[in-house]
1. I want to confirm something. Restricting to segment 16-38 and keeping residues that are away from the ligand (no atom under 13 Å from the Cβ), assigned to a loop (DSSP other than H, G, I, E, B) and not aromatic (Phe, Trp, Tyr), which single residue is surrounded by the fewest Cβ atoms within 10 Å (Cβ to Cβ)?
2. Give segment 135-156 a look and list any residue that's surrounded by 20 or more Cβ atoms within 10 Å (Cβ to Cβ), within 15 Å of the chain's Cα centre (by Cα) and outside any strand (DSSP E or B), or say none.
3. Return the residues of segment 168-205 that are assigned to a strand (DSSP E or B) and either modelled with pLDDT under 95 or among the aromatic types (Phe, Trp, Tyr) (or both); say none if nothing qualifies.
4. Please find, among 96, 165, the residue that is closer than 19 Å to residue 41 by Cβ, among the basic types (Lys, Arg) and modelled with pLDDT of 95 or more.
5. With the checklist (1) touching a residue at least 24 places away in the same chain (Cβ under 8 Å); (2) touching a Lys or Arg at 6+ places or on another chain (Cβ under 7 Å); (3) surrounded by fewer than 15 Cβ atoms within 10 Å (Cβ to Cβ) in hand, flag the one item residue 182 doesn't pass.
6. How many residues does segment 51-79 hold that are in a loop (DSSP other than H, G, I, E, B) and either within 12 Å of the ligand (Cβ to nearest atom) or within 18 Å of the chain's Cα centre (by Cα) (or both)?
7. Given the condition farther than 18 Å from residue 24 by Cα and either of a type in the set (Lys, Arg) or within 16 Å of the ligand (Cβ to nearest atom) (or both), answer yes or no: does some residue in segment 155-172 qualify?
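The values are calculated or read from the model by the stated rules, or taken from the named source; none is laboratory data. Note that the structure is predicted; figures quoted are calculated from it, not measured. Positions of Cβ are backbone-derived with ideal geometry, glycine not excepted, and every protein chain shown enters the neighbour counts.
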Amino acid sequence: MTKSTLALYQKYFVDREFERRDLFQIIADRFTLQCVLYPGSFVHITPSFIFPEVVYVDNDRQARQFFDAPETDELIAQKKNYSQMAQVRYHFADYRNGFAEDPDSFDLLISQYAGFVGQDCKKYLKTGGLLLANNSHGDAGLAAIDRNYQLIGVFFLRKGKYSIRETNLDEYFVPKSPIRVTKEYLEKLQKGIAYKRVGNAYLFRKVTG
Ligand SMILES: C[S@@+](CC[C@H](N)C(=O)[O-])C[C@H]1O[C@@H](n2cnc3c(N)ncnc32)[C@H](O)[C@@H]1O
């Protein structure tokens, strides 16, 4: 168990150079955030290296084993860049059906390659909290047309390093084709549409409840 647990993180994130540690660090450097929620995380525990309190939700059995294993806490303890003890909770759940966390209690909601997290888990995010989303399933596109969210940053990945742009954001989420983009359309498509300008990931603020 020891070896295979750590091997999972190594295989999916370290070997593929896909930890995205600096993506989370950029956010941590700019904003004061306490509680982070990561639905559809699989075993991507990198946010716990940066943020002291992270709740993970995933309905994959390998993920459940991974979060049950003591080695996972040890790995976080080795790699974290803050002094306090890491607080990590995991729910083996379909995030669409809800899980035992309080509404309006998180400062950052992470949506990476796992469906419409920004919609299905919006209720757990505080008003004023942040949504980090990419558009692999159209979740960022949905946030862009959602009045509850406002785009505040666009991330780029160049030569293995992330950077953020916070100006001229109205250049993003302009469709390449003249189609009417609706929530229903994006939910049905499940892969996002083509936009004139794109980033690697997007940061939104939840502006209304
Ligand atoms: C492609 S992986 C992405 C993992 C991680 N977010 C990353 O960026 O590396 C998608 C993960 O989302 C989980 N997932 C998808 N839909 C889910 C749902 N409705 N409830 C819980 N987990 C879900 C899957 O089990 C899988 O582990």
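1. Ranking the candidates gives 32 first.
2. 135, 137, 138, 139, 140, 141, 142, 143
3. Matches in segment 168-205: 195, 202, 204.
4. Values: 165 fails: closer than 19 Å to residue 41 by Cβ.
Answer to the selection: 96.
5. All conditions are met except number (2).
6. 5
7. Checking segment 155-172: not a single residue is farther than 18 Å from residue 24 by Cα and either of a type in the set (Lys, Arg) or within 16 Å of the ligand (Cβ to nearest atom) (or both).
The rows are residues; the columns are (1) of a type in the set (D, E, K, R); (2) touching a Ser or Thr at 6+ places or on another chain (Cβ under 6 Å); (3) surrounded by fewer than 17 Cβ atoms within 10 Å (Cβ to Cβ).
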{"site": "48", "(1), (2), (3)": "no, no, no"}
{"site": "63", "(1), (2), (3)": "no, no, no"}
{"site": "70", "(1), (2), (3)": "no, no, yes"}
{"site": "89", "(1), (2), (3)": "yes, no, yes"}
{"site": "105", "(1), (2), (3)": "no, no, yes"}
{"site": "116", "(1), (2), (3)": "no, no, no"}
